[in-house]
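Some notes on the structure that comes next.
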Amino acid sequence: MAQTILQSFRYILPETTLSVFFVLTLLSSIVIKGRDKFAPAYLALLAFIITGAFVFQQVGVSELIFSGMYAVDPFSWFFKIIFLITGILIVVFSLQSNELESASTKYPEYFSLIISLTIGAFFMAGASNLLMMYLSLELVSISSYILSGFTKENARADEASIKYVIYGAFSSGLMLYGISLIYGLTGQTNIYALNQSLSAGSVPRITILIAIVLMLVGLGYKISAVPFHFWTPDVYEGAPITVTAFLSVTSKAAGFAMLIRFFKISFIDISAAPMASGVWGIFRGLQWNDIIAVLSVLTMTVGNLVALWQTNMKRLLAYSSIAHAGYILMGLVTLSNEGITAMLLYFIAYLLMNLGAFYVVMLIANKYHTENLSEYKGLGYKSPYAAFSLTVFLFSLTGIPPTFGFIGKFYLFSALMKTDYVWLAIVGVINSVISLYYYVRVVRNMYLVQPDQATAVGFDFGTNLLMTLLVIPNILLMLYFAPVLDWAQQSVAMFGLR
């Protein structure tokens with residue numbers, strides 16, 4: 001047993017590295033004593049770079065470690081890369097954030113929480129045991145609660161953090177109750193063993209249905225799916241913009257990674273069909289596809305319709321984020337390798353376009369100390385490059401060519417067109433058209449409304465360079481997306497095999 005544990009430890013070097021740097025970042029304020037307030041940020045960047053080196057050593061590895069508690073496989077590897085890229089970008093964004101200036105003395109705590117949340121996201125991506133799923137979700141949630149209220153001087157941040165805690169505690173409590181029911185019915189917490197128990201057909205259907213719905217509540221809260229989304233707009237508006245951007249990508253991606261693994265492994269009848277076929281064989285009398293499809297429709301529709309009335313850019317992007325959760329859920333309806341590949345491809349697009357949009361919103365907020373849409377009047381005249389960059393990100397979020405967002409949505413819709421859920425693809429297209437209205441409203445303000453003051457708003461070379469680094473892949477990957485598609489396909493190909 002001890003030998004097995006020691007062998008398992010060599011597969012969690014990335015998580016161990018992040019844990020070590022979490023402690024070092026916390027202690028940096030004592031060692032450095034304020035001589036360099038940016039030292040914690042540099043430590044966080046170093047943590048992500050070293051962790052990335054260890055992650056790249058795990059290319060092609062497919063192992064279940066710690067007695068099946070945690071999976072190190074191409075699927076989790078894909079998401080770890082997303083978390084690391086997001087973490088690096090958020091640290092760089094944070095160095096430019098005026099919101100965090102008032103809390104500069106607490107930089108070590110802030111960046112240690114960024115690392116802490118990333119550790120939890122890593123474990124969520126690979127968790128193959130219900131208890132590990134719950135513990136990793138709680139690590140992400142607790143880090144998120146504190147980050148949301150980090151700027152205590154801002155009353156909105158305090159309100160956001162409290163609401164987040166209340167919703168999170170309620171959702172995770174329901175999820176834990178669902179786990180207890182599953183364990184009571186099957187005697188299993190390992191999702192592979194759970195699959196075997198459910199395949200035997202001796203579990204009461206109604207009870208297991210209730211248990212899985214409770215699990216879905218906890219996971220739905222993490223991905224901001226309707227009707228578990230109520231915390232999202234207030235938290236996104238109240239939290240610092242850097243935290244909002246971080247939660248919109250890392251927290252959501254981690255939630256989807258765990259949701260995919262839970263459903264893909266637990267509910268496929270391996271004996272009836274190959275794993276890659278995506279047949280929901282265990283509960284033939286229960287149409288889980290329809291349940292997920294309804295959640296998808298509700299999420300994208302509510303997100304887009306409510307976004308139409310928003311005048312605060314952070315709230316607008318919050319509802320946009322909810323809508324995108326609905327789009328991504330479409331891939332889960334098929335539960336096929338093609339559907340999951342489309343989801344993974346969309347995550348790359350979502351990372352680039354969403355972080356880019358939040359970055360420009362942060363830059364404008366730094367200049368005008370507000371996130372109100374009215375401040376974007378005439379931005380195309382005052383700051384042409386920032387306006388151009390934001391336009392690219394918004395068009396990518398809409399799914400308009402020539403942007404990578406178009407490719408992401410195209411593959412999601414294509415996966416559905418090969419199933420009986422063509423109607424869901426049509427609903428997705430209609431919702432994309434609806435979203436065009438509120439995204440174009442921002443573009444209209446920037447280019448077709450005269451500014452109140454024609455004073456130019458300039459940004460330094462480093463800022464423009466970072467915007468460029470986010471703009472280029474949003475356009476380039478529309479023209480040449482084959483490597484990313486191959487990566488997503490390879491990440492799914494061996495997923496779920498023991």
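Please verify whether Met330 is surrounded by 24 or more Cβ atoms within 10 Å (Cβ to Cβ), in contact (Cβ under 8 Å) with a residue 40 or more places away in the chain and over 17 Å from Ser224 (Cα atoms), treating the condition exactly as stated. When the stated conditions are applied, Met330 does not pass them. The condition of being assigned to a helix (DSSP H, G or I) and surrounded by fewer than 24 Cβ atoms within 10 Å (Cβ to Cβ) does not hold for Ala325. Within the option set Val449, Val457, Val443, being part of a helix (DSSP H, G or I) and of a type in the set (Val, Ile, Thr) holds for one residue only, Val443.
Exactly one residue out of Leu131, Leu117, Leu139 is farther than 24 Å from Ala53 by Cα and at pLDDT 90 or above, and it is Leu131.
When region 354-370 is limited to residues that are of a type outside the set (A, V, I, L, M, F, W, C) and in a helix (DSSP H, G or I), the one that is farthest from Ile90 (Cα to Cα) turns out to be Tyr368.
Condition check ((1) hydroxyl-bearing (Ser, Thr, Tyr); (2) assigned to a helix (DSSP H, G or I); (3) within 28 Å of Ser94 (Cα to Cα); (4) free of Cβ contacts under 8 Å to residues at least 24 places away in the same chain) across all residues:
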{"residue": "Glu138", "(1), (2), (3), (4)": "no, yes, yes, no"}
{"residue": "Ser141", "(1), (2), (3), (4)": "yes, yes, yes, no"}
{"residue": "Glu153", "(1), (2), (3), (4)": "no, no, yes, no"}
{"residue": "Ala157", "(1), (2), (3), (4)": "no, yes, yes, no"}
{"residue": "Tyr183", "(1), (2), (3), (4)": "yes, yes, no, no"}
{"residue": "Ala193", "(1), (2), (3), (4)": "no, yes, no, no"}
{"residue": "Ile206", "(1), (2), (3), (4)": "no, yes, no, yes"}
{"residue": "Ile210", "(1), (2), (3), (4)": "no, yes, no, no"}
{"residue": "Lys222", "(1), (2), (3), (4)": "no, yes, yes, no"}
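Results for (1) outside any helix (DSSP H, G or I); (2) at pLDDT below 70; (3) surrounded by fewer than 18 Cβ atoms within 10 Å (Cβ to Cβ), shown as yes or no for each residue.
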site: Ile5; (1), (2), (3): no, no, yes
site: Arg10; (1), (2), (3): no, no, yes
site: Glu15; (1), (2), (3): no, no, no
site: Leu27; (1), (2), (3): no, no, yes
site: Ile30; (1), (2), (3): no, no, yes
site: Gly34; (1), (2), (3): yes, yes, yes
site: Lys37; (1), (2), (3): yes, no, yes
site: Leu43; (1), (2), (3): no, no, no
site: Ala47; (1), (2), (3): no, no, no
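Taking every residue in region 48-59 that is more than 13 Å from Glu15 (Cβ to Cβ) and hydroxyl-bearing (Ser, Thr, Tyr) and pairing it with any residue that is modelled with pLDDT under 95 and not in a helix (DSSP H, G or I), at least 6 positions away or on another chain, yields no pair with a Cβ-Cβ distance below 9 Å. Criterion applied to Leu295, Leu247, Leu308, Leu259 was being surrounded by fewer than 24 Cβ atoms within 10 Å (Cβ to Cβ), modelled with pLDDT of 90 or more and within 19 Å of the chain's Cα centre (by Cα), and the one residue passing it is Leu295.
Residues that are under 22 Å from the mean Cα position of the chain (by Cα) and farther than 16 Å from Leu344 by Cβ: does region 72-79 have at least one? Yes, the conditions are met somewhere in region 72-79. Is it true that some residue in region 67-74 is of a type outside the set (Gly, Ala, Ser), in contact (Cβ under 8 Å) with a residue 60 or more places away in the chain and in a helix (DSSP H, G or I)? Among the residues of region 67-74, at least one is of a type outside the set (Gly, Ala, Ser), in contact (Cβ under 8 Å) with a residue 60 or more places away in the chain and in a helix (DSSP H, G or I), which makes the answer yes.
Scanning region 412-419 turns up no residue that is of a type in the set (S, T, N, Q), closer than 14 Å to Tyr439 by Cβ and in a loop (DSSP other than H, G, I, E, B). Among residues of region 392-407 that are part of a helix (DSSP H, G or I), none has a Cβ under 7 angstrom from a residue that is surrounded by fewer than 24 Cβ atoms within 10 Å (Cβ to Cβ) and basic (Lys, Arg) at a sequence gap of 6+ or on a separate chain. Does Leu95 qualify as being hydrophobic (A, V, I, L, M, F, W, C), within 19 Å of Ser28 (Cα to Cα) and surrounded by fewer than 19 Cβ atoms within 10 Å (Cβ to Cβ)? So Leu95 passes the test. Against the conditions (1) more than 25 Å from Ser8 (Cβ to Cβ); (2) of a type in the set (A, V, I, L, M, F, W, C); (3) touching a Gly at 6+ places or on another chain (Cβ under 9 Å), Leu135 satisfies every one except (1). In contact with a Ser or Thr (Cβ under 7 Å, 6 or more places away or on another chain) and either among the polar types (S, T, N, Q) or not in a loop (DSSP other than H, G, I, E, B) (or both): does that describe Leu174? The answer is no for Leu174. Every test in (1) surrounded by 22 or more Cβ atoms within 10 Å (Cβ to Cβ); (2) touching a Pro at 6+ places or on another chain (Cβ under 6 Å); (3) not β-branched (Val, Ile, Thr) is passed by Lys377 save one, and that test is (1). Of Leu424, Leu397, all but one fail to be at pLDDT 90 or above and farther than 14 Å from Val297 by Cα; the exception is Leu397. You will find that of Ile90, Ile119, Ile115, Ile81, the residue that is assigned to a helix (DSSP H, G or I) and surrounded by fewer than 19 Cβ atoms within 10 Å (Cβ to Cβ) is Ile81 and no other.
The values are calculated or read from the model by the stated rules, or taken from the named source; none is laboratory data. As the structure is a computational prediction, the values presented were derived from the model and not from experiment. Using ideal geometry, Cβ is built from the backbone for each residue, glycine included, and neighbour counts are taken over all protein chains shown.
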